[in-house]
Amino acid sequence: MADPSSYRPKPGQIPDSPGVYKFRDEHRRVIYVGKAKNLRQRVANYFQDLANLHPRTRTMVTTAASVEWTVVSTEVEALQLEYSWIKEFDPRFNVKYRDDKSYPYLAVTLNEEFPRVQVMRGAKKKGVRYFGPYGHAWAIRETVDLMLRVFPVRTCSAGVFKNAARTGRPCLLGYIGKCSAPCVGRVTPEEHHELAEDFCDFMAGRTGTYIRRLEKDMMQAAEEMEYERAARLRDDAEALKRAMEKSAVVLADATDADLIAVAEDELEAALQIFHVRGGRVRGQRGWVTDKVEAVDTSGLVEHALQQLYGEERGDAVPKEVLVPALPEDAEAVSQWLAERRGSQVSLRIPQRGDKKDLMATVQRNAQQALGLHKTKRASDLTTRSRALEEIAEALGLDTAPLRIECYDISHLQGDDVVASMVVFEDGLARKSEYRRFQIKGFEGQDDVRSMHEVIGRRFKRYLQEKERTGEWEEHPTDTATAGPAAPAAGPAPTGPVPAVAEDAEPREDDGRPKRFAYPPQLVVVDGGQPQVAAAKRALDELGIDDIAVCGLAKRLEEVWLPDDDDPVVLPRSSEGLYLLQRVRDEAHRFAITYQRAKRAKRIRTSPLDDVSGLGETRKQALIKHFGSVKKLRQATIDEICEVPGIGRRTAESVAAALASTAPAAPAVNTATGEIIEEDDGGNS
């Protein structure tokens with residue numbers, strides 16, 4: 001625990017301009033990021049009497065070992081830089097919202113020649129329009145099914161689309177009128193793109209125009225006695241109305257707004273967001289967070305706005321954002337939102353009318369979400385704590401193993417040998433810390449030798465990190481006082497200007513989380529006594545004696561310890577055994593997924609891959625020109641030179657590579673006796 005006075009900047013060092021500051025710990029990891037209108041006033045607040053600080057702030061400043069800052073020209077720049085650094089460094093003392101589920105979106109891929117409507121989860125992609133999020137994927141599919149009557153946009157995958165184009169026959173949706181069948185040329189790319197744009201306009205809330213147009217066309221068709229067409233238009237209008245009915249009308253038709261409500265206690269906070277487009281609730285999501293920093297409701301709202309709109313542009317940022325409390329610098333936040341939208345954004349607290357009533361509904365949802373989360377977490381925490389305590393007791397550990405790493409070896413009959421490392425912290429999977437290895441030290445199948453190699457490589461990297469960060473130095477240089485230097489006199493800088501520490505030695509470390517920097521308290525290997533002995537031997541060779549090792553054998557679920565002839569048998573109902581099984585199964589899943597991907601990649605390799613300087617584009621050009629690797633192998637050098645982009649030297653290299661890999665005899669299907677031709681896609 002550091003004394004904040006040991007790294008407190010000298011009086012007058014800190015500028016009084018806007019900026020962003022970072023606290024780092026003794027290993028130079030960034031643990032907190034903040035922004036300020038006046039850096040001098042804000043940073044000085046952290047160095048008052050510890051008794052006057054909030055308990056969370058006190059923990060942060062005593063964990064830190066240095067502070068530094070970056071000067072910016074405006075408060076909006078400070079807001080953007082703070083968001084970027086929180087995303088980059090993932091500081092442990094900053095509030096970070098986490099979704100309580102992966103919400104599905106309705107996505108329209110406008111970046112493709114023939115846009116596709118589909119359900120998407122995960123990170124958003126450039127050039128794709130998103131609507132939602134929705135609570136359930138089936139809700140999206142019901143809406144899409146109704147709307148395809150009017151906007152018959154493509155919904156098929158790339159494989160189905162290419163197959164239909166090749167055969168000249170559309171899929172079932174094309175036959176029943178729910179797809180315009182661009183795959184077979186029923187509509188041009190321009191016409192199909194216009195359909196997709198109309199679909200997006202309707203989903204964005206501009207609904208009245210299309211329904212009125214359909215009703216007008218229906219009446220005109222009836223007057224002209226085209227009754228079948230009129231009936232079809234009537235059904236189309238009804239379908240759009242039913243799609244609209246799935247979204248509750250809550251505000252005036254032209255209202256585009258996001259409503260954010262917060263429910264909080266001393267330790268946690270829950271947020272609920274309602275997305276209203278065209279006066280209807282088009283999506284809803286919920287976030288929860290631990291209050292790891294001293295933050296009030298306005299601070300929670302500001303963090304939520306940063307996370308919600310930090311990656312958004314254009315219409316994804318609504319005209320109106322309604323919140324329970326305004327951020328500390330509401331004007332700067334409003335300006336930042338306006339820059340992301342490209343037009344004015346109203347950030348305010350609803351005071352009366354329908355918007356205030358809807359905000360009360362969102363608030364009730366937030367309260368319920370917080371109560372449900374605390375109920376689940378209390379049960380989960382109790383179970384995980386009991387599991388870790390049981391493991392510590394069974395293995396004779398001094399403390400519960402808060403970080404567990406598990407290793408597994410995977411191969412297929414000795415080929416494509418790989419290993420996985422999965423990490424559980426406090427009983428929960430930490431997927432960002434997962435790693436995978438290729439076995440490099442030898443060829444063939446030897447699980448024990450593979451385990452020894454993987455453990456040795458992982459912990460050798462850990463020792464290198466310790467050495468690089470100076471944790472092994474007996475008398476390290478004074479890095480606790482990393483106070484930045486005062487800015488030079490002169491005009492204020494127009495962009496970010498990082499302050500430089502006076503007495504901190506230069507380091508390569510930039511504060512980002514490192515891959516192998518943190519040791520576990522327990523290493524679990526998938527296997528029995530031989531694998532455990534190999535892992536222990538690898539640690540001993542590196543001089544590491546403070547990490548426990550055990551193995552979990554699949555057959556009888558026995559726990560093996562180094563140098564013990566008999567296994568530890570945990571009761572079948574033990575929470576500790578259940579946690580070890582989950583860790584082991586996750587390592588096995590991760591390893592076999594990597595091994596299958598590696599094997600599939602090897603199977604897809606082509607003799608053209610070994611041709612130096614031949615990229616993917618020219619490989620595809622060769623295959624397209626000749627039709628298959630077999631026909632390419634039979635071609636002369638002059639014929640290969642006829643392919644655009646292929647010179648004579650490259651053609652000679654291609655011919656030589658194919659000649660060296662020519663099959664001695666044709667492959668035969670032993671079940672049918674059929675000669676198997678080489679794959680037209682370039683495989684061999």
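For segment 540-576, taking the residues that are farther than 28 Å from Val417 by Cα and assigned to a helix (DSSP H, G or I), the one that is most open to solvent (accessible area, probe 1.4 Å) is identified as Glu575. Restricting to segment 308-325, name every residue that is touching a residue at least 60 places away in the same chain (Cβ under 8 Å) and touching a strand residue (DSSP E or B) at 6+ places or on another chain (Cβ under 8 Å). Ala316, Pro318, Lys319, Glu320, Val321, Leu322, Val323, Pro324, Ala325, listed by residue number.
Is it true that Arg596 is closer than 22 Å to Val418 by Cβ, open to solvent by 50 Å² or more (accessible area, probe 1.4 Å) and either assigned to a helix (DSSP H, G or I) or small (Gly, Ala, Ser) (or both)?
Answer is yes for this residue.
Got a sec? Which of Lys37, Lys87 is at pLDDT 85 or above, on the phi < 0 side of the Ramachandran plot and among the basic types (Lys, Arg)? Reasoning before the result, please.
Values: Lys87 fails: at pLDDT 85 or above.
That would be Lys37, the only listed residue that is at pLDDT 85 or above, on the phi < 0 side of the Ramachandran plot and among the basic types (Lys, Arg).
The single condition among (1) in a helix (DSSP H, G or I); (2) in contact with a Pro (Cβ under 7 Å, 6 or more places away or on another chain); (3) without any contact (Cβ under 8 Å) to a residue 60 or more places away in the chain that Cys179 does not meet is (1).
Report whether or not Glu266 is free of Cβ contacts under 8 Å to residues at least 40 places away in the same chain and either among the basic types (Lys, Arg) or farther than 20 Å from Tyr105 by Cα (or both).
For Glu266, the condition - free of Cβ contacts under 8 Å to residues at least 40 places away in the same chain and either among the basic types (Lys, Arg) or farther than 20 Å from Tyr105 by Cα (or both) - is met.
Among the residues that make up segment 397-415, is at least one of them within 25 Å of Leu522 (Cβ to Cβ) and in contact with a Gly (Cβ under 7 Å, 6 or more places away or on another chain)? No; the residues of segment 397-415 include none that is within 25 Å of Leu522 (Cβ to Cβ) and in contact with a Gly (Cβ under 7 Å, 6 or more places away or on another chain). Within segment 149-168, the set of residues being closer than 14 Å to Phe114 by Cα, of a type in the set (Gly, Ala, Ser) and surrounded by fewer than 19 Cβ atoms within 10 Å (Cβ to Cβ) comprises Ser157, Ala158, Gly159, Ala165. Hey, could you check segment 211-228 for residues that are out of contact with any Asp or Glu (no Cβ under 7 Å at 6 or more places or on another chain) and touching a residue at least 12 places away in the same chain (Cβ under 8 Å) and say which is surrounded by the most Cβ atoms within 10 Å (Cβ to Cβ)? So the residue we want is Met218.
Kindly indicate whether any position in segment 419-426 is closer than 20 Å to Leu539 by Cβ, of a type in the set (Gly, Ala, Ser), at pLDDT 85 or above and touching a His at 6+ places or on another chain (Cβ under 9 Å). Among the residues of segment 419-426, at least one is closer than 20 Å to Leu539 by Cβ, of a type in the set (Gly, Ala, Ser), at pLDDT 85 or above and touching a His at 6+ places or on another chain (Cβ under 9 Å), which makes the answer yes. Only one of the numbered conditions (1) in a helix (DSSP H, G or I); (2) more than 30 Å from Val262 (Cβ to Cβ) is violated by Thr383, and that is (2). Has segment 431-449 got at least one residue that is in a helix (DSSP H, G or I) and of a type in the set (Val, Ile, Thr)? Taking every residue of segment 431-449 in turn, at least one turns out to be in a helix (DSSP H, G or I) and of a type in the set (Val, Ile, Thr). If you go through segment 1-23 and keep only what is under 22 Å from Thr59 (Cβ atoms) and among the small types (Gly, Ala, Ser), you end up with Ala2, Ser5, Ser6. In the set (1) closer than 30 Å to Ser450 by Cα; (2) among the aliphatic types (A, V, I, L, M); (3) modelled with pLDDT of 80 or more; (4) part of a helix (DSSP H, G or I), the condition left unmet by Ala656 is number (1). If I filter segment 154-168 for residues that are closer than 19 Å to Asp201 by Cβ and either touching a residue at least 40 places away in the same chain (Cβ under 8 Å) or more than 30 Å from the chain's Cα centre (by Cα) (or both), do I get at least one hit? Yes, because at least one residue in segment 154-168 is closer than 19 Å to Asp201 by Cβ and either touching a residue at least 40 places away in the same chain (Cβ under 8 Å) or more than 30 Å from the chain's Cα centre (by Cα) (or both). Would you check which residues across segment 289-326 are in contact with an Asp or Glu (Cβ under 6 Å, 6 or more places away or on another chain) and surrounded by 19 or more Cβ atoms within 10 Å (Cβ to Cβ) and list them? The answer is Pro318, Val321.
All told, Gly470 falls short of being more than 27 Å from Phe89 (Cα to Cα), open to solvent by less than 60 Å² (accessible area, probe 1.4 Å) and modelled with pLDDT of 50 or more. Return the residues of segment 430-455 that are in contact with a strand residue (DSSP E or B) (Cβ under 7 Å, 6 or more places away or on another chain), surrounded by fewer than 22 Cβ atoms within 10 Å (Cβ to Cβ) and closer than 18 Å to Val583 by Cα; say none if nothing qualifies. Correct list: Arg430, Glu433, Tyr434, Arg435, Arg436, Phe437.
When Gly371 is tested against (1) open to solvent by less than 40 Å² (accessible area, probe 1.4 Å); (2) farther than 30 Å from Val583 by Cβ; (3) at pLDDT 85 or above, exactly one condition is not met: (3). Residues that are among the hydroxyl-bearing types (Ser, Thr, Tyr), surrounded by fewer than 18 Cβ atoms within 10 Å (Cβ to Cβ) and modelled with pLDDT under 85 within segment 177-209 comprise just one, Thr209.
Residues in segment 328-362 that are open to solvent by 50 Å² or more (accessible area, probe 1.4 Å), part of a helix (DSSP H, G or I) and either modelled with pLDDT of 90 or more or in contact with a helix residue (DSSP H, G or I) (Cβ under 9 Å, 6 or more places away or on another chain) (or both): Glu331, Gln335, Glu339.
The values are calculated or read from the model by the stated rules, or taken from the named source; none is laboratory data. In this text, all values refer to a predicted model and were calculated from it rather than measured experimentally. Every residue, glycine as well, gets a Cβ built from its backbone with ideal geometry; the counts of neighbours run over all protein chains shown. Just the protein is used for accessible areas: all its heavy atoms, side chains included, with ligands, DNA and RNA removed. Shrake-Rupley method; radii C 1.70, N 1.55, O 1.52, S 1.80 Å.
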